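All remarks here apply to the structure that follows.
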Amino acid sequence: MTDVVLTTEQIKELLPHRQPFLFVDAVTRLEPNLIEGYRDIKPEEFYFAGHFPGYPVLPGVLMVEAIAQVGILLVCEVREKRQGRRTLFAGIEKVRFRRQVRPGDRLLLCADIVSGRSSVYKIHGTAKVGDELACEATVIGALR
């Protein structure tokens, strides 16, 4: 069993996202410049009805969103120490998709802060299934 550092309820205290658009189930590691967590991909997820019927695949953009959410959690919990701030997606760089993610997979999320100033942060993150890289991206997030 993986130790949980932040539960879904604690995550909700830091992020404004809610179901069906909260893509981090738990945080399992939290250090000054590193966060790890996961999202269990369930067969009943809303997007599988159209992406794709008969062959459900997690949309790549939602993997990027999950990376952004876990990265902003790192910023909120470690750097900013402020709850209830609005988070904004300010940019995406260097995105690569390497593997399909399907129902039943556990998406392992990892992010670190590349740079940050004036509440704007550049975050590098990965999403894996087991040891296989599914997505890698650098995202820019802002807190207001």
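Nothing in this text is a laboratory measurement; each read-out follows from the coordinates by a stated rule. A quick note: this is a predicted structure, and the numbers were derived from the prediction, not measured. Cβ sites come from the backbone with ideal geometry, for glycine too, and all protein chains shown count toward neighbours.
The loop-placed trypsin sites (Lys or Arg not before Pro) in the stretch 1-40, going by DSSP, that have at most 14 neighbouring Cβ atoms within 10 Å of their Cβ come out as ARG18. Distances between every pair of Cα atoms in the chain, grouped in 10 Å steps from 0 to the bin holding the largest one, split as 12, 45, 34, 8, 0 percent.
Would you kindly state how much longer the chain becomes between TYR55 and VAL120 on full extension, computed as 0.36 nm times their sequence separation minus their alpha carbon distance, in nm to one decimal?
19.6 nm is the gain from fully extending TYR55 to VAL120.
Residues whose amide H falls under 5 Å from that of ARG29, counting only those 5 or more places apart or on a different chain, are VAL5, GLU36, with hydrogens built in the peptide plane. How far is helix 60-74 tilted off the main Cα axis of the chain, in degrees rounded to 10, range 0 to 90? Rounded to the nearest ten degrees, it is 30. Cβ crowding within 10 Å ranks VAL27, VAL129, VAL61 as VAL61, VAL129, VAL27, fewest other Cβ atoms first. Net charge in the neighbourhood of PRO43 (other residues with Cβ under 13 Å of its Cβ; Lys, Arg +1, Asp, Glu -1) is -2.
Here's how it looks for ASP105: its modeled amide H is under 5 Å from those of ILE41, which are all 5 or more places away or on a different chain.
Enter the Cα centre distance for the pair the stretch 103-138 and the stretch 21-52, rounded to the nearest angstrom. Answer, in whole Å: 11. Ranked from largest, the principal axis spans of the Cα set of the stretch 103-143 equal 39, 16, 10 Å. A simple count of charges around LYS12, restricted to other residues whose Cβ falls under 12 Å of its Cβ and scoring Lys, Arg +1 and Asp, Glu -1, yields -2.
For the chain, lysine pairs with C-alpha atoms less than 22 angstrom apart, excluding pairs fewer than eight positions apart on the same chain, total 7. Report summary: the helix-based calculation at 222 nm, which adds -39500 (n - 2.57) for every DSSP H run with n ≥ 4 and divides by the residues of the chain, gives -4500 deg cm²/dmol.
How big is the charge dipole of the chain about its Cα centre, in debye rounded to the nearest 20, if each Lys and Arg gets +1 on its Cβ and each Asp and Glu gets -1 on its Cβ? It would help to have the intermediate numbers written out before the result.
Numbers: 20 positive and 18 negative charges, 110 e Å.
In debye, rounded to 20, the chain gives about 540.
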